[in-house]
1. Any chance you could list P(r) for the stretch 6-54, counting all Cα-Cα pairs in 10 angstrom bins from zero, rounded to whole %?
2. E76 to N128: extension gain in nm, 0.36 nm per residue of separation minus the Cα-Cα distance?
3. When the dipole is taken about the Cα centre of the chain, and only Lys, Arg (+1) and Asp, Glu (-1) are charged at their Cβ, what size is it in debye, to the nearest 20?
4. When the chain is treated as a GNM, springs tying every alpha-carbon pair under 10 Å, which of E72, E50, E108 comes out with the largest mean-square fluctuation?
5. Considering the chain as a Gaussian network with a 10 Å cut-off on Cα pairs, which listed residue, G97, G109, G79, attains the greatest mean-square fluctuation?
6. Which of the lysines could a cross-linker bridge to K73, judged by Cα under 24 Å and excluding same-chain residues fewer than eight apart?
7. Go through I47, I23, G90 and say which Cα lies farthest out towards the positive end of the charge dipole of the chain; charges sit on Cβ, +1 for Lys and Arg, -1 for Asp and Glu.
8. Could you tell me which label, among [x] 61, 25, 22; [y] 49, 34, 23; [z] 38, 28, 27, carries the value of Cα extents along the principal axes in Å calculated for this structure?
Amino acid sequence: MKNVNHGTLEARLENGSYIAMVIVGSKLNYRFSKDNKSPKVTIHLTIKGEILDSMGIHFPTQEQRMIKDRFEKDLEKEGMDLFQIFIKEGIDPLGIGDFVRSKTRKWEGKVWKLEYQTLNVRLIVKVNLTETGIRK
């Protein structure tokens, strides 16, 4: 998986309205560890975004924090749901196996396929809002 410098995300706020964010940058880091039970991969995703459509609403700091938290929570949930599908299907579209191979001595593909089924994945998302809409 690569760093992304474009894209749009949408989140539903507690009041039922939706808000959109344009991704202006991202950074992705993987961490790998292995204990006696199963391998563990922690993925740190940092996204820099701008609120796209806020209908001229000014967001105080507290609401900006709430919006940021909503995006983080939604991305972590959706990301973890995707990982579970990938593991269930036995596919590795993110290239986690390649990353683990680069960090492991005497790596074996057959062993990795078995370990992948019990892979413990943790996704940590951090969203940084750089702009909060157009204001007059």
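Derivation of every value follows stated rules applied to the coordinates shown; laboratory data play no part. Predicted model only: the values in this text are computed from it and were never measured. Methodologically, a virtual Cβ is constructed for each residue, glycine included, from the backbone with ideal geometry; neighbour enumeration extends over all protein chains shown.
1. 22, 31, 24, 17, 5
2. 17.2 nm
3. Details: 24 positive and 18 negative charges, 149 e Å.
Its charge dipole is roughly 720 debye.
4. E108
5. Judging by the Gaussian network model, the answer is G109.
6. Cross-link targets: K2, K27, K40, K48, K88, K126.
7. It is G90, whose Cα lies furthest towards the positive end.
8. [x]
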